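All remarks here apply to the structure that follows.
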Amino acid sequence: MKKVRDEIASIVKTGKIVIGSKRVKKALLSGNIKFAIISRNCPNEIKEDIIYYSALSKIPYKIVDEDANDLGSICGKPFSISVIGVVDTENSEIFKGMRNGKN
């Protein structure tokens, strides 16, 4: 768990992320992100949309064990975050094995 948290924190430090379900959906449809990170307690409707758009765009996603409050904290935000889109991974190791549309 800590490794995933550290990897997300490292990606966030680069500033190359998109925060929020609407922005991530738009980025998935336009192909502007490399993958999506979904919190474990993301509302089902949003999670299903992200997974669907991910499959359409052939962009991988990962459902992490962190909840939305944890993702908000990792991102340094005072609010919960259900979905993050990653624009650039900066050589992140943990997400290299992901395949299109898989978590």
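Values quoted throughout were computed directly from the atomic coordinates according to the rules given, and no laboratory measurement underlies them. Owing to the predicted nature of the structure, the values given are computational and were not obtained by experimental measurement. Quick reminder, even Gly has a Cβ in these numbers, built from the backbone with ideal geometry, and neighbours come from all protein chains shown.
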Can you give me the number of residues within the stretch 53-86 that are farther than 15 Å from LYS3 by Cα, touching a residue at least 12 places away in the same chain (Cβ under 8 Å) and touching a helix residue (DSSP H, G or I) at 6+ places or on another chain (Cβ under 8 Å)?
16
Test result for SER21, free of Cβ contacts under 8 Å to residues at least 60 places away in the same chain and of a type in the set (S, T, N, Q)
no
